[in-house]
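Scroll down for the structure; my scribbles are underneath it.
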Amino acid sequence: MVLLLLLGTMPPPFAQATQTAYAQQNAEKLRALFDRASSQSDSLLVRYRLYPLTEDEAVLDDLPSSLQDGTPRDYALLSGLWAYRAGEASFFSAVGYGRRSMNLLEEAKSKDPDAPFVLLVEGQSLLFRPAMAGKDPEAAAQRFARLADRVDEEGTAGISRAEAQVWRCLALEEAGRASKAQALRDRMLKQDLAPLYQQFLESPPDV
């Protein structure tokens, strides 16, 4: 009983705290978590969540080009961060950054193609990359569907089912499957969604 009480008063694990702050659009909390990050892995995670909320280019400063040793999640997150940086860069720099992002994603997939953050970042990459670089919204929708299944099956610190489903909704829409996307959107809007996901469904980003 004492152990249960102690567990109930402990702060949530870093990954879950980061995801919660992101879903609540709490950039201040994310910055505080960034200051508390005690490992490169935690730093990559909070940067990955903080940049889309703030578009603060300083978040992308001093990104490592590669990892000597990292988990599939680490490689996927670093891939996503380099993709963000490519989106802010000049054309010639963007090409190099985009190639680096793709190489890191391939490394993540070689370690575990079914890891939750690998599915998330790969789905985003397939959705946002240029057509000449292999944009494939249908494949992105499949990755997000699998991600939702993984979250249901195992639970995943740092990713919610709602996040997987809002991304799937956007991918289905971009793939021309409007009726399926609308049905999914309607079901989700009946739920008590975190502010970010509510906004995402009501005003999705351009892809």
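The values are calculated or read from the model by the stated rules, or taken from the named source; none is laboratory data. These numbers were taken from a predicted model, which means no experiment stands behind them. Because the Cβ atoms are built from the backbone with ideal geometry, glycine has one as well, and the counts that use them run over all protein chains shown.
What to note about this one:
- Every residue from region 124-148 that is at pLDDT below 95 and farther than 21 Å from Leu78 by Cα: Ala131, Met132
- Evaluation of Val166 against the conditions (1) assigned to a helix (DSSP H, G or I); (2) in contact (Cβ under 8 Å) with a residue 12 or more places away in the chain; (3) surrounded by fewer than 20 Cβ atoms within 10 Å (Cβ to Cβ); (4) aliphatic (A, V, I, L, M) shows that the sole unmet condition is (3).
- Evaluation of Ser93 against (1) hydroxyl-bearing (Ser, Thr, Tyr); (2) assigned by TED's automatic domain parsing to the domain that holds Asp69; (3) surrounded by 13 or more Cβ atoms within 10 Å (Cβ to Cβ) (one fails), failing number: (3)
- Within region 39-51, restricting attention to residues that are among the hydroxyl-bearing types (Ser, Thr, Tyr) and either touching a residue at least 12 places away in the same chain (Cβ under 8 Å) or within 18 Å of Ser101 (Cβ to Cβ) (or both), the residue that is surrounded by the most Cβ atoms within 10 Å (Cβ to Cβ) is Tyr48.
- Residue satisfying all of: in region 65-90; touching a Ser or Thr at 6+ places or on another chain (Cβ under 6 Å) and in contact (Cβ under 8 Å) with a residue 24 or more places away in the chain; surrounded by the most Cβ atoms within 10 Å (Cβ to Cβ) among these: Ser79
- Taking the conditions (1) touching a helix residue (DSSP H, G or I) at 6+ places or on another chain (Cβ under 9 Å); (2) exposed (fewer than 14 other Cβ atoms within 10 Å of the Cβ); (3) outside any helix (DSSP H, G or I); (4) without any contact (Cβ under 8 Å) to a residue 24 or more places away in the chain in turn, Asp206 satisfies each one other than (1).
- The number of residues in region 52-64 that are assigned to a helix (DSSP H, G or I) and either of a type in the set (Asp, Glu) or crowded, with 22+ Cβ neighbours inside 10 Å (or both) comes to 2.
Let's see how each residue does on (1) crowded, with 22+ Cβ neighbours inside 10 Å; (2) under 22 Å from Leu44 (Cα atoms); (3) free of Cβ contacts under 8 Å to residues at least 40 places away in the same chain; (4) of a type in the set (D, E, K, R):
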{"site": "Ala140", "(1), (2), (3), (4)": "yes, no, yes, no"}
{"site": "Ala145", "(1), (2), (3), (4)": "no, no, yes, no"}
{"site": "Asp149", "(1), (2), (3), (4)": "no, no, yes, yes"}
{"site": "Gly155", "(1), (2), (3), (4)": "no, yes, yes, no"}
{"site": "Gly176", "(1), (2), (3), (4)": "no, no, yes, no"}
{"site": "Lys180", "(1), (2), (3), (4)": "no, no, yes, yes"}
{"site": "Ala183", "(1), (2), (3), (4)": "no, no, yes, no"}
{"site": "Arg187", "(1), (2), (3), (4)": "no, no, yes, yes"}
{"site": "Leu196", "(1), (2), (3), (4)": "no, yes, no, no"}
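- Residue check for Val121: in contact with a Lys or Arg (Cβ under 6 Å, 6 or more places away or on another chain), under 20 Å from Ala15 (Cα atoms) and among the aliphatic types (A, V, I, L, M): no
- Restricted to helices (runs of 4 or more DSSP H) entirely inside region 81-157, those with at least 2 residues that are among the polar types (S, T, N, Q) and within 15 Å of the chain's Cα centre (by Cα) are 116-128.
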